[in-house]
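K.L.:
Quick one: structure below, then a few questions.
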Amino acid sequence: MKTSVSIRLFCVAAGFCDGITGVLLMCVPLWTLRLMGIHTAPTEPVYVRFIGVFVFSVGSSYFFPVVRGDQGSLCAVFGVTTWIRICVAVFVIWAICGGRLVTPWISVAGVDIVLALLQIWILMRIRRYRG
């Protein structure tokens, strides 16, 4: 069964959001962190670049169901990325509460929680229509 246009657009938007952020973190890590409102960074930018690779890989995975166009690949990508987003959000909130990350990192947790919830909602709708 094919995926709807609105779900494909969601995938493209999520993919570009994380994909571009990841590329920026890899190429200009300190500038990107400042753009996010984060003015404290590791002394070695390679750690932020490493995070950028991870963010880019998650973002680019959203293009797989867009290219394939089937609900099986969409469910697989959403299942994995939902779990990743929940894990990242929980870690970021834990680190902020423990004073290990500065407060502006909450934007990362917020985006991840919102996208995870949207993806869960989409997966529930797909499951309901499949019967």
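The values are calculated or read from the model by the stated rules, or taken from the named source; none is laboratory data. Only a predicted model underlies this, so the values are computations on that prediction, with no experimental measurement involved. Here the Cβ positions follow ideal geometry from the backbone for every residue, glycine too, while neighbour counts run over all protein chains shown.
K.L.:
Considering Arg49, Arg128, which residue is charged (D, E, K, R), farther than 17 Å from Phe16 by Cβ, assigned to a helix (DSSP H, G or I) and at pLDDT below 95?
P.N.:
Numbers: Arg49 fails: at pLDDT below 95.
None of the other options fit; the residue is Arg128.
K.L.:
Tally time: how many residues in the stretch 77-112 are surrounded by 15 or more Cβ atoms within 10 Å (Cβ to Cβ) and under 15 Å from the mean Cα position of the chain (by Cα)?
P.N.:
Counting residues in the stretch 77-112 that are surrounded by 15 or more Cβ atoms within 10 Å (Cβ to Cβ) and under 15 Å from the mean Cα position of the chain (by Cα) gives 17.
K.L.:
Hey, can you tell me all the residues within the stretch 45-76 that are over 13 Å from the mean Cα position of the chain (by Cα) and over 26 Å from Arg128 (Cβ atoms)?
P.N.:
Result: Pro45, Val46, Tyr47, Val48, Arg49, Phe50.
K.L.:
Another question, then. Determine which member of the set Gly79, Gly59, Gly72 is in contact (Cβ under 8 Å) with a residue 24 or more places away in the chain, in a helix (DSSP H, G or I) and over 14 Å from Phe10 (Cα atoms).
P.N.:
So the residue among Gly79, Gly59, Gly72 that is in contact (Cβ under 8 Å) with a residue 24 or more places away in the chain, in a helix (DSSP H, G or I) and over 14 Å from Phe10 (Cα atoms) is Gly79.
K.L.:
Please go through (1) β-branched (Val, Ile, Thr); (2) in a helix (DSSP H, G or I); (3) in contact (Cβ under 8 Å) with a residue 40 or more places away in the chain; (4) closer than 17 Å to Pro104 by Cα for Ile38 and return the number of the only condition it doesn't satisfy.
P.N.:
All conditions pass for Ile38, except number (2).
K.L.:
Now for a separate question. I'm checking my understanding of the structure. Among residues of the stretch 113-131 that are of a type outside the set (Val, Ile, Thr) and surrounded by 17 or more Cβ atoms within 10 Å (Cβ to Cβ), which one is nearest to Val77 (Cα to Cα)?
P.N.:
Per the stated criteria, the residue is Gln119.
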